Amino acid sequence: MERPAWAPRNIDITVPSVSRIYDFYLGGSHNFEVDREAARRAMEFVPGLPRIARANRAFLRRAVRFAAAEGIDQFLDIGSGIPTFGNVHEVAGAARPGARVVYVDHDPVAVAHSQSVLAGDENTDVVAADLLKPREILAAPQVERLIDLNRPVALLLVAILHFVEDADDPYGAVAELSDALAPGSLLVLTHASYEGMPLPPERAGRAVDVYQDIRNPLIMRSREEIARFFEGYDMVEPGLVPMPRWRPEAAPEDEDPYAFSGYAGVGRTA
């Protein structure tokens with residue numbers, strides 16, 4: 001397999017990546033055949049996976065605009081993935097000029113491509129780090145340069161926590177990040193769930209098995225389990241709801257049924 005110019009030399013292009021699979025769902029071009037093959041296998045069981053990914057991105061844009069309207073001009077996007085249309089810094093900058101954004105991801109392709117996209121942008125940067133190491137994220141020079149933790153921050157955890165197993169304590173990682181945020185900060189989160197999916201869990205579980213096979217387990221949590229991530233936050237209306245129902249810009253009834261798979265919510269620190 002020929003290595004494209006944008007692919008870092010230190011990655012194994014024969015192993016699927018959830019970031020690149022997600023990029024494929026969104027119609028991006030920064031993925032390999034091995035990623036597309038895994039995505040197509042998952043889509044055999046859940047054909048609406050691209051629609052779910054687009055619903056995630058649409059929610060993210062609405063939540064960023066909401067945060068900007070609330071006066072927040074600092075965004076920490078963990079698990080940011082490969083840049084695509086409607087990136088956080090583009091949406092935030094349009095809504096609140098001068099907004100500062102730090103992207104965080106552990107996928108070398110996501111980091112390398114973000115660095116390329118952000119070259120010359122003084123208000124935006126990227127950190128190669130893991131959600132499960134909050135102290136490393138918060139101590140990163142890029143974060144210290146752009147994010148003032150004494151002021152409200154929007155912490156974005158969109159479509160990432162369902163890739164963290166309970167044994168790795170995702171609740172502890174979120175709590176540690178939350179403890180560092182100033183009052184008035186926002187937690188913006190989406191999470192996959194069998195609830196709301198227009199398929200029997202047994203069939204959707206076959207797609208989950210594909211992620212298990214590529215050693216990137218997809219953890220489907222209940223609404224109650226997802227709500228635990230917001231402990232210590234006051235939920236912003238309408239609460240923890242299916243993605244199209246969070247402050248929609250169009251009638252949710254017009255959405256594809258798959259867009260209602262999983263939950264989205266925004267919480268505010270007291």
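The values are calculated or read from the model by the stated rules, or taken from the named source; none is laboratory data. Note that the structure is predicted; figures quoted are calculated from it, not measured. Cβ atoms come from the backbone with ideal geometry, glycine included; neighbour counts cover every protein chain shown. Protein only, heavy atoms only, side chains kept; ligands, DNA and RNA dropped before computing areas. Shrake-Rupley method; radii C 1.70, N 1.55, O 1.52, S 1.80 Å.
Before moving on, here are some points about what is shown:
- The numbered conditions (1) within 19 Å of the chain's Cα centre (by Cα); (2) under 26 Å from A270 (Cβ atoms) are all true for T124 except (2).
- Restricting segment 230-245 to residues that are open to solvent by less than 30 Å² (accessible area, probe 1.4 Å) and in a helix (DSSP H, G or I), the residue that is farthest from V266 (Cα to Cα) is P244.
- The set of residues in segment 200-224 being surrounded by 16 or more Cβ atoms within 10 Å (Cβ to Cβ) and at pLDDT 95 or above consists of A204, G205, A207, V208, V210, Y211, L218, I219, M220, R221, R223.
- Test result for A42, farther than 30 Å from R268 by Cα, part of a helix (DSSP H, G or I) and small (G, A, S): yes
- Flag for Y194 being part of a helix (DSSP H, G or I), under 19 Å from the mean Cα position of the chain (by Cα) and hydroxyl-bearing (S, T, Y): no
- For segment 110-130, the tally of residues that are closer than 16 Å to V88 by Cβ, open to solvent by less than 50 Å² (accessible area, probe 1.4 Å) and among the hydrophobic types (A, V, I, L, M, F, W, C) stands at 5.
- Flag: A227 does not match the condition of being surrounded by 21 or more Cβ atoms within 10 Å (Cβ to Cβ), assigned to a helix (DSSP H, G or I), under 18 Å from the mean Cα position of the chain (by Cα) and small (G, A, S).
- The set of residues in segment 63-78 that are open to solvent by 30 Å² or more (accessible area, probe 1.4 Å) and of a type outside the set (A, V, I, L, M, F, W, C) comprises R65, E70, G71, D73.
- Single residue of segment 158-191 satisfying the filter (among the hydroxyl-bearing types (S, T, Y) and assigned to a helix (DSSP H, G or I)) that is least open to solvent (accessible area, probe 1.4 Å): S178
- Residue match in segment 98-105 (condition: touching a residue at least 40 places away in the same chain (Cβ under 8 Å) and not charged (D, E, K, R)): yes
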